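Below you'll find the structure, written out as structure tokens, and then a few comments.
The values are calculated or read from the model by the stated rules, or taken from the named source; none is laboratory data. This structure is a prediction, so every number in the text was calculated from the model and none was measured. Counting neighbours? That spans all protein chains shown, and the Cβs are built from the backbone with ideal geometry, glycine included.
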Amino acid sequence: MKRDVGQNERKEPGGFGELAYWSGLLPAPTIVVLFLIVPLFIVAAYSFMAPNEYGGVLPAFSLEAYIGFLFERQLDLSLAFNDAYLVITARSLVLALATMLITLAVGFPVATFIALQPRDRRNTLILLITIPFWTNTLVRTYCWVLLLRDTGVVNAALQSTGLTSHPIQLLYSDPAILIGLVYSYAPFMVLPIYASIEKLDHRLIEAAYDLYASRLRILRHIIWPAAKPGVVAGCLLTFIPSIGAQIAPDLLGGGKNMMFGNLIFRQFTDGRNWPFGAALAMLLLAIVAAAGTIYLLRLNAGAAAKEHRP
């Protein structure tokens, strides 16, 4: 006599089957623990230790790394306020925010244009967007040095057209760093927005045109809501790496206009102050986490308000 099995009844794995089940899940958490959580704990532990004279750390608890972010020790061991690192932090935040806004202003129209093209043309345009990834970031950034230097292409073009009589100082400045950051991270804004808009049913746009909706209303009520998840992802993917960028500030800033990533790198290399470098890394992590959390909370609050709106 056959026994009928209901839909709610489920055969639980047992013995070898259960072992295979959990073994299949094991690699993912193992990788997360070994390559994310453990290094993070090591960096956090280093930030509370004392620096060794020739690099590394001494196993002694110390808060000097965090104190040194805002204060410096005088000869009498008293503390004096030092805003040098705050200036670097502010510059990093401003440049990262400007990079995010410029890439959004440029990337949204580009992604929308690509998503509204026929499928075969879309693939070609996306290929053109991803071509910069085929080249090393260092090489791509160094090309801007050749373009922006006093004897570079940009200054030569300005002088040949009579717009300037002498070279303009474009290289080794904050605008040069911003250009490098926008160029490096613009695809990270275009691709997520394109992925969101590409799922949009084009018949909605045609129906809106049939109902005499203007382009602005179509953009506001149809395209923008569909693009919102991609916009959020693109903003995070451009803001987070921009604030910790190292190559663009080094090459295009000339070492004079330092950002947070350069500061951390030099503490582990030239400065040989590992605890301070680790403390800066933890502060950067806290800044990025706080910015991302605030942004997502505001986004969720706006979505919840819309749902409860009559």
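Look at region 271-306 and say how many of its residues are among the aromatic types (Phe, Trp, Tyr) and either assigned by TED's automatic domain parsing to the domain that holds VAL231 or touching a helix residue (DSSP H, G or I) at 6+ places or on another chain (Cβ under 6 Å) (or both).
The initial filter retains those residues of region 271-306 that are among the aromatic types (Phe, Trp, Tyr), namely 274, 276, 295.
Now drop any that are not either assigned by TED's automatic domain parsing to the domain that holds VAL231 or touching a helix residue (DSSP H, G or I) at 6+ places or on another chain (Cβ under 6 Å) (or both), which leaves 274, 276.
Result for region 271-306: 2.
Just wondering, is there one or more residues in region 86-98 that are hydroxyl-bearing (Ser, Thr, Tyr) and closer than 23 Å to LEU263 by Cβ? Walk me through how you get there before you give the answer.
Taking region 86-98 as the starting set, the residues that turn out to be hydroxyl-bearing (Ser, Thr, Tyr) are 89, 92.
Next cut, closer than 23 Å to LEU263 by Cβ only: 89, 92.
Yes, there is a match, as at least one residue in region 86-98 is hydroxyl-bearing (Ser, Thr, Tyr) and closer than 23 Å to LEU263 by Cβ.
Quick one: what pairs do we get from region 39-50, first residue over 10 Å from GLY277 (Cα atoms) and of a type in the set (Phe, Trp, Tyr), second at pLDDT below 95 and assigned to a loop (DSSP other than H, G, I, E, B), C-beta under 8 Å, 6+ apart or different chains?
PHE48/SER62; PHE48/LEU63
Hey, among ALA45, ALA96, which residue is in contact with a Ser or Thr (Cβ under 9 Å, 6 or more places away or on another chain) and not basic (Lys, Arg)? Spell out the reasoning first.
Values: ALA45 fails: in contact with a Ser or Thr (Cβ under 9 Å, 6 or more places away or on another chain).
One residue alone meets the criteria, ALA96.
Considering region 93-113 alone, what residues qualify as being crowded, with 16+ Cβ neighbours inside 10 Å, over 13 Å from LEU181 (Cα atoms) and small (Gly, Ala, Ser)?
Hits for region 93-113 are GLY107, ALA111.
Give region 260-310 a look and list any residue that's among the aromatic types (Phe, Trp, Tyr) and either surrounded by fewer than 20 Cβ atoms within 10 Å (Cβ to Cβ) or at pLDDT below 90 (or both), or say none. I'd like the intermediate steps shown before the answer.
Residues of region 260-310 that are among the aromatic types (Phe, Trp, Tyr), as a first pass: 260, 265, 268, 274, 276, 295.
Residues satisfying the conditions are PHE265, PHE268, TYR295.
Given (1) in a helix (DSSP H, G or I); (2) within 30 Å of GLY230 (Cα to Cα); (3) not acidic (Asp, Glu), identify the lone condition not met by GLN117.
(1)
Among the residues of region 153-162 satisfying the criterion of being in a helix (DSSP H, G or I) and free of Cβ contacts under 8 Å to residues at least 12 places away in the same chain, which is surrounded by the fewest Cβ atoms within 10 Å (Cβ to Cβ)? Please lay out each step first, then the result.
If we filter region 153-162 for residues that are in a helix (DSSP H, G or I), which is where we start, we get 153-160.
Right, trim to free of Cβ contacts under 8 Å to residues at least 12 places away in the same chain and you get 153, 156-160.
Working: VAL153: 12, ALA156: 13, ALA157: 12, LEU158: 16, GLN159: 14, SER160: 9.
Step by step, filter region 153-162, then rank; the result is SER160.
Would you please list the contacts, defined by Cβ atoms under 8 Å and residues six or more apart or on different chains, that run from a residue in region 163-182 that is farther than 25 Å from SER92 by Cβ to a residue that is β-branched (Val, Ile, Thr) and not in a helix (DSSP H, G or I)?
Final answer for the pair search is PRO167/THR151.
Residues LEU128, LEU79, LEU147, LEU86: which one is crowded, with 16+ Cβ neighbours inside 10 Å and either in contact (Cβ under 8 Å) with a residue 24 or more places away in the chain or over 19 Å from GLY230 (Cα atoms) (or both)?
Values: LEU128 fails: crowded, with 16+ Cβ neighbours inside 10 Å; LEU79 fails: crowded, with 16+ Cβ neighbours inside 10 Å; LEU86 fails: crowded, with 16+ Cβ neighbours inside 10 Å.
Only one candidate qualifies: LEU147.
Residue-by-condition table, conditions (1) free of Cβ contacts under 8 Å to residues at least 12 places away in the same chain; (2) part of a loop (DSSP other than H, G, I, E, B); (3) in contact with a helix residue (DSSP H, G or I) (Cβ under 7 Å, 6 or more places away or on another chain):
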site: THR151; (1), (2), (3): no, yes, no
site: MET189; (1), (2), (3): no, no, yes
site: LEU204; (1), (2), (3): no, no, yes
site: TYR209; (1), (2), (3): yes, no, no
site: ARG220; (1), (2), (3): yes, no, no
site: THR238; (1), (2), (3): no, no, yes
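For region 163-184, enumerate the residues that are among the small types (Gly, Ala, Ser) and not in a loop (DSSP other than H, G, I, E, B). Step through it out loud before you land on a result.
Applying the first criterion (among the small types (Gly, Ala, Ser)) to region 163-184 yields 165, 173, 176, 180, 184.
Residues satisfying the conditions are ALA176, GLY180, SER184.
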